[in-house]
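Visitor: Attaching a single structure in structure tokens format; questions to follow.
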Amino acid sequence: MLSIKNLQAKIGDKQILNGINLEVRPGEVHAIMGPNGSGKSTLASVLAGREEYDVTNGEVEFLGKDLLQLSPEDRAREGVFLAFQYPVEIPGVSTINFMKTALNQIRKHRGQETLDAVSFLSVMKEKMKLVEIDQSLLNRALNEGFSGGEKKRNEIFQMAMLEPKLAILDETDSGLDIDALRIVANGVNKLRSKDNATIVVTHYQRLLDYIVPDFVHVLYKGKIVKSGGKELALELEAKGYDWIKDEVAVA
Amino acid sequence: MSVIAAERNITHDVAAWITRNMQPSPAVRSLTEQATASFNRLGLPGNKTEEFRHTPIYRTLEKNFDFSLANQSGDINPAEFLIAGVDANILVFINGVFSQKHSLVISPASQITITSLAEALAANPELVTAHLGKYADHQTDAFAAWNAASWKDGVFIHVPDQAVVEKPVLIYHVSDKTKGQVITVNRNLLIVGKGSAVTVLEKFDSKGTSNCFCNVVTECTVSDNGELNFYSIQDDTASHYNLKQINQQDNSRVNTFTFTLNGDLVRNNLHLTLDGEGIESHMYGLYLLKGSTIADNHTAVDHKKPNSFSNELYKGIMDESSKGVFNGKIYVRPQAQKTNAFQANKNILLTNASAVNTKPQLEIWADDVKCSHGCTTGQLDEEALFYLQSRGIQKETARAMMLYAFAAELLQNIKQPAIADYLDKLIRGRFNKEF
């Protein structure tokens with residue numbers, strides 16, 4: 001589904017990704033872990049199409065398309081979804097209107113009929129249950145004044161609405177208490193299927209107790225330096241990241 | 001010597017224009033004479049005048065107008081400019097001249113008197129002269145002097161005590177400049193009685209490609225416990241000098257809304273004098289500019305007595321090579337303790353060629369007050385734009401959503417639904433918001 005080859009990217013003069021290789025197939029959950037500054041969020045941003053980053057080398061193929069050639073909105077329409085580490089507050093734009101616009105533009109792109117207000121609301125109500133989000137929150141301006149947990153829940157709600165093929169969760173666990181973490185993880189798990197894939201970007205192992213990965217990759221200095229199964233996450237939790245750094249230094 | 005003599009002096013040209021267009025009523029002769037003298041003494045403000053530093057009104061008048069010409073008579077059907085679906089009193093002015101046949105007063109005489117100012121002056125000179133020229137300052141403001149000396153006509157509104165006027169008063173100024181330049185000088189007088197309430201809306205439209213300059217002065221006095229809602233919609237291709245001087249008495253409430261969507265050079269002076277206690281005043285403004293429009297909002301609120309509240313929010317979006325100017329003065333006089341006065345001005349610049357000059361000016365002589373001001377100028381938030389795009393929303397749609405949201409915040413303060421709907425449509429139209 002997603003094939004990343006030798007991906008290199010920089011922001012300004014600073015080289016951050018130094019040749020990432022990653023294959024993601026439908027149904028899989030990949031965790032990307034690594035110390036701060038290793039390039040985890042950059043990878044997520046580059047995949048979603050954030051413009052500040054310059055891709056200097058490499059290629060990314062998503063469902064047969066050259067992902068790097070697509071605008072952020074077209075990536076979303078093709079089925080990429082980024083759950084933001086810091087969801088943006090947008091005063092004056094109501095969450096419901098925003099979601100209706102987004103969903104209908106995506107449906108149009110996919111050749112599906114757009115939803116009228118009534119059918120949109122019924123879809124919305126169904127998805128709200130998944131992430132235990134209250135409608136009063138969605139009646140408000142997008143993320144404005146939301147708590148950290150509410151913002152992250154809203155991200156997963158949007159993911160449920162847009163039904164992406166590839167979801168990238170960027171530090172979705174940061175700033176969440178254990179209850180909010182459980183709700184968010186439950187939502188993600190309910191959305192998992194054999195047809196879609198998830199990339200979980202995280203610093204801590206905690207989230208992976210709830211969203212169990214098939215593969216764990218350790219990113220360090222812009223490269224994947226180690227890959228393994230879910231037990232690698234536990235090892236990292238127990239031993240920290242220093243032994244990885246030492247291994248890289250020896251090599 | 002000869003070079004200087006050949007240079008055009010617009011003050012002289014306008015003074016001659018005033019002489020030819022002098023307000024003829026003997027009932028206001030002394031005001032007319034004083035104002036003429038003031039104009040001659042003051043002269044038109046040039047770009048060295050602090051209050052006009054960013055607004056080249058002298059140059060605009062010099063470049064675009066020939067003051068020896070008389071107006072072409074207007075011949076236009078104003079129907080296309082009227083706000084549909086509002087049950088209202090309607091007054092139409094075409095090229096500054098009151099058009100009886102297009103006007104319609106539906107409110108009962110027990111609630112409100114609405115006539116042209118010239119008519120009111122003839123019918124009830126004592127009442128009119130007791131107020132006319134008593135609020136707007138023609139001693140220091142050359143445009144106000146020009147107006148006082150040579151106003152052609154305008155609207156007179158008198159709401160007696162304890163009358164709530166249900167239907168709003170809509171004043172349409174339509175400039176027909178298809179056949180040549182138009183210069184209009186109009187004057188309005190609003191007297192709102194004790195415990196009364198009225199909503200007034202003025203709207204400016206134009207047709208044709210010639211130049212137009214509208215000098216409109218509105219004087220309002222709002223008595224104890226009275227309420228005035230005043231909307232201005234400038235959506236034409238003319239240049240404007242628009243002065244509103246509103247005097248408020250104890251416990252009165254005033255809400256002003258100033259929307260500038262088009263124009264050549266627009267200068268709005270909005271002055272509120274809070275001459276009482278327990279007063280509440282809200283000033284809202286929105287300027288959505290494009291092309292080479294210059295829109296300048298100078299506002300002043302003068303707290304003269306204790307325990308009053310004023311709040312101001314002006315927002316602007318400047319596109320292409322347009323320019324916005326905001327100057328907000330707040331005066332709190334020594335005896336005006338326990339004053340609350342707030343001011344905010346927020347701007348978005350969409351291009352490198354657009355600009356805004358914003359200046360808060362607070363002068364506070366009392367010590368037990370709460371006052372704040374803030375201004376922001378920036379571009380559209382790129383991170384927010386990316387957020388919307390990352391959900392599959394096209395960049396242009398995302399941009400429109402954000403600009404609309406920025407502008408529409410002001411509409412939340414409008415209590416008249418029909419007017420709010422109309423303005424909402426205008427704003428949506430500006431951003432091509434279709435979703």
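The values are calculated or read from the model by the stated rules, or taken from the named source; none is laboratory data. Predicted model, so just to flag it, every value in this text is computed and none were measured. Note: ideal-geometry Cβ built from the backbone for every residue, glycine included; neighbour counts use all protein chains shown. To get the accessible areas, we keep the full protein, side chains included, count just its heavy atoms, and leave off ligands, DNA and RNA. Shrake-Rupley method; radii C 1.70, N 1.55, O 1.52, S 1.80 Å.
Visitor: Of the residues that make up the stretch B:96-119, is at least one of a type in the set (Lys, Arg) and within 22 Å of the chain's Cα centre (by Cα)?
Guide: Scanning the stretch B:96-119, I find no residue that is of a type in the set (Lys, Arg) and within 22 Å of the chain's Cα centre (by Cα), so the answer is no.
Visitor: Let me ask something additional. Where residues in the stretch A:173-189 are under 23 Å from A:Leu47 (Cβ atoms) and over 15 Å from the mean Cα position of the chain (by Cα), which of them is modelled with the lowest pLDDT?
Guide: Here the answer is A:Gly175.
Visitor: Could you please give the count of residues in the stretch B:363-410 that are more than 10 Å from chain A (Cβ to nearest Cβ), closer than 18 Å to B:Tyr314 by Cβ and out of contact with any strand residue (DSSP E or B) (no Cβ under 6 Å at 6 or more places or on another chain)?
Guide: Qualifying residue count, the stretch B:363-410: 1.
Visitor: What is the number of the single condition among (1) in contact with a strand residue (DSSP E or B) (Cβ under 8 Å, 6 or more places away or on another chain); (2) at pLDDT 95 or above; (3) surrounded by fewer than 24 Cβ atoms within 10 Å (Cβ to Cβ); (4) not aliphatic (A, V, I, L, M) that B:Thr129 does not meet?
Guide: (1)
Visitor: Okay, moving on. Which of the following residues is farther than 25 Å from B:Glu227 by Cα, modelled with pLDDT under 95 and of a type in the set (Gly, Ala, Ser): B:Ala353, B:Ala405, B:Ala366, B:Ala420?
Guide: B:Ala405
Visitor: What's the number of the condition A:Ala48 fails, among (1) open to solvent by 10 Å² or more (accessible area, probe 1.4 Å); (2) within 9 Å of another protein chain (Cβ to nearest Cβ)?
Guide: All conditions are met except number (1).
Visitor: Keeping to the stretch B:271-280, report how many residues are surrounded by 24 or more Cβ atoms within 10 Å (Cβ to Cβ) and within 15 Å of B:Thr258 (Cα to Cα).
Guide: The qualifying residues number 1.
Visitor: Just one of the numbered conditions (1) crowded, with 19+ Cβ neighbours inside 10 Å; (2) touching a strand residue (DSSP E or B) at 6+ places or on another chain (Cβ under 8 Å) is not true of B:Thr178; which one?
Guide: (1)
Visitor: Still on this structure, I have one more. Is one or more of the residues making up the stretch A:19-28 within 19 Å of A:Ile211 (Cα to Cα), of a type in the set (D, E, K, R) and either modelled with pLDDT under 95 or in contact with a helix residue (DSSP H, G or I) (Cβ under 6 Å, 6 or more places away or on another chain) (or both)?
Guide: Checked against the condition, which is being within 19 Å of A:Ile211 (Cα to Cα), of a type in the set (D, E, K, R) and either modelled with pLDDT under 95 or in contact with a helix residue (DSSP H, G or I) (Cβ under 6 Å, 6 or more places away or on another chain) (or both), the stretch A:19-28 yields no hits at all.
Visitor: Right, next: Can you pull out the residues in the stretch B:341-362 that are within 14 Å of chain A (Cβ to nearest Cβ) and not β-branched (Val, Ile, Thr)?
Guide: Answer for the stretch B:341-362, where residues must be within 14 Å of chain A (Cβ to nearest Cβ) and not β-branched (Val, Ile, Thr): B:Ala344, B:Lys346.
Visitor: On to the next question. Do you know which residues across the stretch B:132-155 are under 23 Å from B:Val105 (Cα atoms) and either assigned to a loop (DSSP other than H, G, I, E, B) or open to solvent by 10 Å² or more (accessible area, probe 1.4 Å) (or both)?
Guide: B:Leu132, B:Trp151, B:Lys152, B:Asp153, B:Gly154, listed by residue number.
Visitor: Scan A:Gly58, A:Gly27 and give me the residue that is open to solvent by 20 Å² or more (accessible area, probe 1.4 Å), under 16 Å from the mean Cα position of the chain (by Cα) and more than 14 Å from chain B (Cβ to nearest Cβ).
Guide: A:Gly27
Each row is one residue, and each column tells you yes or no for (1) more than 8 Å from chain B (Cβ to nearest Cβ); (2) more than 18 Å from A:Glu73 (Cα to Cα); (3) hydroxyl-bearing (Ser, Thr, Tyr).
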position	(1), (2), (3)
A:Gly92	no, yes, no
A:Thr101	no, no, yes
A:Glu113	yes, yes, no
A:Asp116	yes, yes, no
A:Ser119	yes, yes, yes
A:Ser122	yes, yes, yes
A:Leu130	yes, yes, no
A:Ser136	yes, yes, yes
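Visitor: Name the one entry in B:Ile427, B:Ile419 that is open to solvent by less than 20 Å² (accessible area, probe 1.4 Å) and closer than 19 Å to B:Ile348 by Cα.
Guide: Result of the check over B:Ile427, B:Ile419: B:Ile427.
Visitor: A follow-up question, please. Any chance the stretch B:48-67 includes a residue that's assigned by TED's automatic domain parsing to the domain that holds B:Asn269, within 22 Å of the chain's Cα centre (by Cα) and of a type in the set (A, V, I, L, M)?
Guide: yes
Visitor: So which residues in the stretch B:99-125 are assigned to a helix (DSSP H, G or I) and crowded, with 19+ Cβ neighbours inside 10 Å, if there are any at all?
Guide: Those that are assigned to a helix (DSSP H, G or I) and crowded, with 19+ Cβ neighbours inside 10 Å: B:Leu117, B:Ala118, B:Ala120, B:Leu121.
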